[in-house]
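Input: a single structure, listed below in structure tokens.
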Amino acid sequence: MKHNRTWASTTLAGMAGKAVRDLRRPSFPVDATPPSDMTTDQPGRYPLDLRPMTAGSILDHERVVVTRAPTGETYRNPVSVSLYALAQHTGAFAAGRHPATGDERSPGVQALLTQAGWLRASQDGNGGWRYPVPVPRYGVRPGWYSAMAQGLAVSVMLRGYATTGQRSFLDASEGAVELMLRPLDAGGCSHYDQLGRPFPEECPSDPVSHILNGAVFALFGLCELSRHQSGTAHERVADRIRDSLTAFDLGYWTRYDLRHTAPASFAYHCLHVALLTAAGAVLADPRWPAVAIAWDRYTRSPASRLRAAAGKGRFVLKERRARS
């Protein structure tokens, strides 16, 4: 019993320290190109400036991003690879080097192409990238596909195509979207409602999890490919996600997913606000930023922030106890 009390107090102390660190608002700058400024052959700047998010990225000997698994081993995570690539692409724009001008020697553009090249080479025959790690929270075993990874990879490879003109990047993007929109029960990444509208699942769990940030990142990739093809495949996805936003609203904070009722961490709540703001610009739909403004107000309420931190802490502690 004494051991359990010591473990609990240590855990609570660690969580309290994390809560204090989380008081610093994370940076997710919105950098969306207005639809009127977009062209079908140039994807332009990514809707979010991901440089702050990817500042601590680790590169392996081939300059590809690696992620550390819970076991301590490193692996190439397609989401981390793509986030870094898109951040570097944004950096090339910020440095005044338009990625489509052929200046492939600039560090940002070369980093983009290195990650895009790995994504293209490692894409499997189904059009995706299987994860070699489990997700205990959702009961998912290794070997799963993520709609978030699919969508982000599309955004990276479209920029690779715009920079190099290599058709294989475009083909890989189309294959990634096909798998993203394939139903979960057919081995894909999307859950369909009664209206036939897909919700891109970051993690293909049963029951479905509906993770908000992963769905919106997937939507951005789909929007970019749809724009390139002058298509409308993204519209049903956008409608489904937008109509589900009220379910993520706890009245004082947002939920990370719809499988659990716990509030999201402060970082993910702020990411939700940024993603919805960016989606409004990408889709030219004011309903998205209207929700973002309401959610942003929660962050300005000390009572809401404290309630969310306490709720998230209880959820994490319950999870850890269940696994111990």
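Structure notes:
- Qualifying residue in segment 263-271 (condition: closer than 17 Å to residue 25 by Cβ and surrounded by fewer than 18 Cβ atoms within 10 Å (Cβ to Cβ)): yes
- Segment 292-311: number of residues that are in a helix (DSSP H, G or I) and either open to solvent by 70 Å² or more (accessible area, probe 1.4 Å) or at pLDDT below 95 (or both): 6
- Residue match in segment 81-91 (condition: at pLDDT below 95, surrounded by 17 or more Cβ atoms within 10 Å (Cβ to Cβ) and part of a loop (DSSP other than H, G, I, E, B)): no
- Sole residue being under 30 Å from residue 162 (Cα atoms) and aromatic (Phe, Trp, Tyr), chosen from 248, 266, 217: 217
- Residue count for segment 40-63 satisfying the condition of being open to solvent by less than 30 Å² (accessible area, probe 1.4 Å) and among the polar types (S, T, N, Q): 1.
- Filter pass, residue 218 being within 27 Å of residue 171 (Cβ to Cβ), surrounded by fewer than 24 Cβ atoms within 10 Å (Cβ to Cβ) and among the aliphatic types (A, V, I, L, M): no
- Inclusion of residue 115 among residues that are touching a Pro at 6+ places or on another chain (Cβ under 9 Å) and either part of a helix (DSSP H, G or I) or at pLDDT below 95 (or both) is not warranted.
- Scanning segment 64-78 for residues that are part of a strand (DSSP E or B) and open to solvent by less than 20 Å² (accessible area, probe 1.4 Å) turns up just one, 65.
- When 277, 246 are screened for being assigned to a helix (DSSP H, G or I), open to solvent by 50 Å² or more (accessible area, probe 1.4 Å) and touching a strand residue (DSSP E or B) at 6+ places or on another chain (Cβ under 6 Å), only 277 passes.
- Segment 119-143, residues that are of a type in the set (A, V, I, L, M, F, W, C) and surrounded by fewer than 21 Cβ atoms within 10 Å (Cβ to Cβ): 121, 133, 135, 140
- Filtering 158, 179, 152 for residues that are among the hydrophobic types (A, V, I, L, M, F, W, C), open to solvent by less than 20 Å² (accessible area, probe 1.4 Å) and under 15 Å from residue 226 (Cβ atoms) leaves a single hit, 158.
- Filtered residue count, segment 123-132, keeping only those that are more than 14 Å from residue 205 (Cα to Cα) and out of contact with any helix residue (DSSP H, G or I) (no Cβ under 6 Å at 6 or more places or on another chain): 4
The values are calculated or read from the model by the stated rules, or taken from the named source; none is laboratory data. Owing to the predicted nature of the structure, the values given are computational and were not obtained by experimental measurement. In this analysis, Cβ positions are derived from the backbone assuming ideal geometry, glycine residues included, and neighbour counts consider all displayed protein chains. Ligands, DNA and RNA are stripped out before the accessible areas are found, and what is left, the full protein with its side chains, is counted by its heavy atoms. Shrake-Rupley method; radii C 1.70, N 1.55, O 1.52, S 1.80 Å.
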